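Asker: Dumping the structure here so I can ask a few things about it.
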Amino acid sequence: MLGRLIWRAKQAVHTLRNATRPEKRSCPICQYEGLFGPFGFPVRPEAQCPKCKSLERHRQLALWLERDGNKARFAGKRLLHFAPEKAIETLLRPHVESYVTADLEPGVAELVINIEQIDMADKSVGVIVCSHVLEHVDDAKALRELERILTDDGFALLMVPMVHHWEKSFERPAPTVAERIKYFGQFDHIRRYGRDFVERVKDAGFAVEAYSPTPEECIEYGLGLGAVMYVAEPQRG
Ligand SMILES: [Zn+2]
C-alpha cells in the first residue's frame, strides 16, 4: 500500500515537472536557444520557436537545406509553393530564380490554383513545395499534375502528416465535418496517410527519396519524432 502511494507521488512529480519545465531546444533557423511554445490542435507543447515562429516541419526543412548540395539544387529554378507558409518562403526564396505562391482559396496566395487541375504548361516549374496539402485532396490527380508541370531536372518537396506504423493509408467516406474530425483529425482532411504514401507518389511517375532527421536532431531542434520529408523527382525515360 505504502509502495503504491510512493509510486503515485513520484508519477505526479514527474508529470508536473514535464508540464512546467520542458526541455530547452535550439532553432536552426533563427539560432534561438531556450523553451519552445505550444501550437496546433491538438496542442503540441513544444512545436513553435518563440522568436521566428517556425514549426517542426520548417526546422526540419532548414536542416535538410544545410545538407551537402541541397541549396545548389534550387539555383536558377522557378519555385511554386502551394498553401504557402512564410517560414518556408524565408528559407527557400534566396536560393531560387523566382518564387510564386498558390492556393485554392482566393486572396491567400499570388495565384489561385486547384492542385488537382493545374492551369500551367507542362515542364514549366523547377521546384514545387507541397507541405500538408495532399491529405486534403484527390492525391492521385494532384501528384500526376505535379509530375506534369515539373521540368526534367525539377523536384517536389512533399510533406504530409503520417501514421508511420500503418502500412496502408486510412480512407473512408466522411461527408460531414464531424466525421472528418473523428476519422482524420481535422475538418478538411480526407485521409490519414500510412507508409503507402511513398507508393502513391511513385505511381504518379516519381522517384522518391526520404529525408529523416537523426534522433539527436529531433531532440536538439524540437522536431516531430519520426517526421519525414520526401523529395520527389520525375522519372522520365
Ligand atoms: Zn527560430
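Asker: Please find, among 124, 131, 98, the residue that is hydroxyl-bearing (Ser, Thr, Tyr) and over 29 Å from residue 30 (Cβ atoms).
Answerer: Only one candidate passes the filter, namely 124.
Asker: Would you call residue 59 within 16 Å of the ligand (Cβ to nearest atom) and in contact with a strand residue (DSSP E or B) (Cβ under 7 Å, 6 or more places away or on another chain)?
Answerer: So residue 59 does not fit the description; no.
Asker: If we scan the stretch 92-104, do we find a residue that is farther than 26 Å from residue 152 by Cβ, more than 16 Å from the ligand (Cβ to nearest atom) and within 20 Å of the chain's Cα centre (by Cα)?
Answerer: Taking every residue of the stretch 92-104 in turn, at least one turns out to be farther than 26 Å from residue 152 by Cβ, more than 16 Å from the ligand (Cβ to nearest atom) and within 20 Å of the chain's Cα centre (by Cα).
Asker: Would you kindly identify the strands (runs of 3 or more DSSP E) lying entirely within the stretch 83-181 that contain at least 3 residues that are surrounded by fewer than 16 Cβ atoms within 10 Å (Cβ to Cβ)?
Answerer: By residue number, 150-159.
Asker: Kindly establish whether residue 28 is crowded, with 17+ Cβ neighbours inside 10 Å and either at pLDDT 95 or above or over 20 Å from residue 161 (Cβ atoms) (or both).
Answerer: The answer is yes for residue 28.
Asker: While we're here: Taking the stated definitions as given, is residue 6 of a type in the set (A, V, I, L, M) and modelled with pLDDT under 90?
Answerer: Yes, satisfied.
Asker: In the stretch 65-82, what residues are open to solvent by less than 30 Å² (accessible area, probe 1.4 Å) and either within 16 Å of the ligand (Cβ to nearest atom) or at pLDDT below 95 (or both)?
Answerer: If the condition is that a residue be open to solvent by less than 30 Å² (accessible area, probe 1.4 Å) and either within 16 Å of the ligand (Cβ to nearest atom) or at pLDDT below 95 (or both), then 65 is the only one that fits.
Asker: Shifting gears a bit: Go through the stretch 192-204 and report how many residues are over 23 Å from residue 39 (Cβ atoms) and open to solvent by less than 20 Å² (accessible area, probe 1.4 Å).
Answerer: Final tally of qualifying residues: 4.
Asker: Next question, about the same structure. Which of the residues that make up the stretch 211-237 are open to solvent by 30 Å² or more (accessible area, probe 1.4 Å) and assigned to a helix (DSSP H, G or I)?
Answerer: Those that are open to solvent by 30 Å² or more (accessible area, probe 1.4 Å) and assigned to a helix (DSSP H, G or I): 215, 216, 217, 219, 220, 221.
The values are calculated or read from the model by the stated rules, or taken from the named source; none is laboratory data. Here the structure is a predicted model, which means the values were calculated and not measured. Positions of Cβ are backbone-derived with ideal geometry, glycine not excepted, and every protein chain shown enters the neighbour counts. Just so you know, the surface numbers come from the protein's heavy atoms only, side chains and all, with ligands and any DNA or RNA stripped out. Shrake-Rupley method; radii C 1.70, N 1.55, O 1.52, S 1.80 Å.
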